[in-house]
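K.L.:
Let me begin by handing over the structure; questions about it come next.
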Amino acid sequence: VWGAGAAVVAVGVGGTVLKTTNQGATWSRLTTNVATAINGVYGFSATDVWVVGSSATVLHTTDGGTTWTKVSFTDASSLYAVWGTGNDNLFIGTANGVYRTTDSGATWLLQGGAQITTYSLFGTGAADVWVFSGSSVYHNY
């Protein structure tokens, strides 16, 4: 689940992406055209949102979910989390570690450290990223 003001986006199985713009009074199912589980969501505004999921699924919308662009991803594993400070500084947590893009997803680079399954990501900037692996927490990974 991710939100900005009254807009909240929730993700789940079968390509499910739900959105509310009125703090949950009503929800709309957004069409993603994928059938895999969507595991993570993060956005930079109510219109600029990224979702990640199984089978290397990475989707990006810049119109609030009316249309989604499938973004090519390096690692074919399951993707669990997404976080960033902008489209030019985005991190994805996978079953094989943390990847980062600095060019809106055109290229993805595996970040240093042990290749760990990453279930959750958070930070305050590009040099301040927290990673949760299910049993350990890493900082500046």
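K.L.:
Quick one: how many residues across region 122-135 are part of a loop (DSSP other than H, G, I, E, B), out of contact with any strand residue (DSSP E or B) (no Cβ under 6 Å at 6 or more places or on another chain) and either within 19 Å of Asn87 (Cα to Cα) or open to solvent by 40 Å² or more (accessible area, probe 1.4 Å) (or both)?
P.N.:
Count: 3.
K.L.:
Quick check: is even one residue across region 29-43 farther than 22 Å from Gly14 by Cβ and touching a strand residue (DSSP E or B) at 6+ places or on another chain (Cβ under 8 Å)?
P.N.:
Taking every residue of region 29-43 in turn, none turns out to be farther than 22 Å from Gly14 by Cβ and touching a strand residue (DSSP E or B) at 6+ places or on another chain (Cβ under 8 Å).
K.L.:
Find the strands (runs of 3 or more DSSP E) located wholly in region 2-121 whose residues include 3 or more that are within 29 Å of Tyr138 (Cα to Cα) and either open to solvent by less than 60 Å² (accessible area, probe 1.4 Å) or modelled with pLDDT under 95 (or both), and list them.
P.N.:
Correct list: 2-4, 7-11, 38-43, 49-53, 57-61, 79-86, 89-94, 97-101.
K.L.:
Hey, another quick one. List every residue pair whose Cβ atoms sit under 8 Å apart, with the two residues 6 or more apart in sequence or on different chains, where the first one lies in region 109-132 and is free of Cβ contacts under 8 Å to residues at least 24 places away in the same chain and of a type in the set (S, T, N, Q) and the second, anywhere, is open to solvent by 50 Å² or more (accessible area, probe 1.4 Å) and not in a strand (DSSP E or B).
P.N.:
Note: pairs meeting the criteria are Gln115/Asn96.
The values are calculated or read from the model by the stated rules, or taken from the named source; none is laboratory data. This is a predicted model, so every value here is computed, not measured. Cβ atoms come from the backbone with ideal geometry, glycine included; neighbour counts cover every protein chain shown. Please note that ligands, DNA and RNA were not included when accessible areas were found on the heavy atoms of the full protein model with its side chains. Shrake-Rupley method; radii C 1.70, N 1.55, O 1.52, S 1.80 Å.
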